[in-house]
Structures are given as structure tokens and as C-alpha cells.
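Colleague: Just dropping this structure here.
The values are calculated or read from the model by the stated rules, or taken from the named source; none is laboratory data. Bear in mind that the values here come from a model prediction, so they are computed numbers and not experimental data. Virtual Cβ from ideal backbone geometry, glycine too; neighbours counted across all protein chains shown.
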Amino acid sequence: MTRRFFDHTEIAMSINGEPRRVTAPACATLLDVLRDELGLTGAKRACDRGTCGACTVLVDDRRIYACLALAAMQDGRRVLTIEGLARGGALHPVQRAFVAHDALQCGYCTPGQILSAVGLLGEARATDEASLREQMSGNLCRCGAYPNIVAAIRDAAGG
């Protein structure tokens, strides 16, 4: 249930499996709320235009750019950030594959790349390397680690 307080909105979401309530400006993006209100800084602010993918998170298991999504529209939804991906101290298989394949350089895009890969594997739409590259094209890496990123995702998918 969203309650409005003049120009602020109360939002109830599940963040990384934990129920959370936050009061934020009605115009706040999900990225604003995650970083500024909840201190979850894994989703990066880069382009602020939905063109780089550094802010990618999963909402109800679907990949979204948190910089483009209004926080108020996420009321009642499940949000997964990079901070909630590992369980009980064990890395998620995609995280392990990124480490094993050295699929990062500076690391700035890595949280978005990993969450996009997790979402992509959940969608089961990438049937070969070309479609995997196409489905990941919304996540940019300025360092050019693409061959290792693709290898890591293929490994996490089981080949």
C-alpha cells in the first residue's frame, strides 16, 4: 500500500529478501532510494539515462535499470541488488564464474553485469553466444572485458 505525504511517498518493498519501508520523494528513482536512503551502493550511478546498465537490479526477477524506474512504482515488489545475491557467505554461481574467468577489470560495471547475467539466465532466452551477447548489450564495460564476461556467463549457464 502506497501512502502519499505531499511530495513524498511511503514505499514497501522486499529488498534482498528483507521487507523494507521507506519514505522518499515521489520523483525519486529506485537507484536514489537504494543508494541514498538504504545505503546499498552496489548499483552504480553512471549515465543516469539507462544507456550503460551499471545500475541494473532485478525486480520480481526481471532486469531493470534502477536509474529509470521510479521507486514509488516498485511498491510491493521484490528487489534484488548485488548485495543480496550471495547466500550464507557463498557466492552465487554467476559471481563465482566472474571470478574464475577474470570477467572484470576496474569493477565499476561488474554489479550490473552480474545481475543482468543472472536475469538473463533466468529468462533462458540466450541460446547461443550471439544471442547471449545481444541480450547483454545493454550493459557496457568501458574496460572491454567482454570476452571474459561472455565466457563467465556461458560457464555459469553450464557451457
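Colleague: Of the residues that sit in the range 67-103 and are in contact with an Asp or Glu (Cβ under 7 Å, 6 or more places away or on another chain) and among the basic types (Lys, Arg), which one is surrounded by the fewest Cβ atoms within 10 Å (Cβ to Cβ)?
Modeller: Looking at the filtered set, the residue picked out is Arg78.
Colleague: Conditions first: (1) buried (at least 23 other Cβ atoms within 10 Å of the Cβ); (2) touching a helix residue (DSSP H, G or I) at 6+ places or on another chain (Cβ under 6 Å); (3) part of a helix (DSSP H, G or I). Gly112 passes all but one, so which condition is the exception?
Modeller: Tallying (1) buried (at least 23 other Cβ atoms within 10 Å of the Cβ); (2) touching a helix residue (DSSP H, G or I) at 6+ places or on another chain (Cβ under 6 Å); (3) part of a helix (DSSP H, G or I), Gly112 fails exactly one: (2).
Colleague: For Arg62, are the conditions met, namely being surrounded by fewer than 17 Cβ atoms within 10 Å (Cβ to Cβ) and at pLDDT 95 or above?
Modeller: yes
Colleague: Of the numbered conditions (1) within 18 Å of Gly42 (Cβ to Cβ); (2) touching a helix residue (DSSP H, G or I) at 6+ places or on another chain (Cβ under 9 Å); (3) hydrophobic (A, V, I, L, M, F, W, C); (4) surrounded by fewer than 21 Cβ atoms within 10 Å (Cβ to Cβ), Cys106 satisfies every one except a single condition; which is it?
Modeller: Evaluating Cys106 over (1) within 18 Å of Gly42 (Cβ to Cβ); (2) touching a helix residue (DSSP H, G or I) at 6+ places or on another chain (Cβ under 9 Å); (3) hydrophobic (A, V, I, L, M, F, W, C); (4) surrounded by fewer than 21 Cβ atoms within 10 Å (Cβ to Cβ) leaves (2) as the failure.
Colleague: Given the options Ala152, Ala117, Ala130, name the one that is assigned to a helix (DSSP H, G or I) and either surrounded by fewer than 18 Cβ atoms within 10 Å (Cβ to Cβ) or in contact with an Asp or Glu (Cβ under 6 Å, 6 or more places away or on another chain) (or both).
Modeller: Result: Ala130 is the single residue among Ala152, Ala117, Ala130 that is assigned to a helix (DSSP H, G or I) and either surrounded by fewer than 18 Cβ atoms within 10 Å (Cβ to Cβ) or in contact with an Asp or Glu (Cβ under 6 Å, 6 or more places away or on another chain) (or both).
Colleague: Further question on the same structure: Can you give me the number of residues within the range 26-47 that are within 14 Å of the chain's Cα centre (by Cα) and among the acidic types (Asp, Glu)?
Modeller: Summing the residues that are within 14 Å of the chain's Cα centre (by Cα) and among the acidic types (Asp, Glu) in the range 26-47 gives 1.
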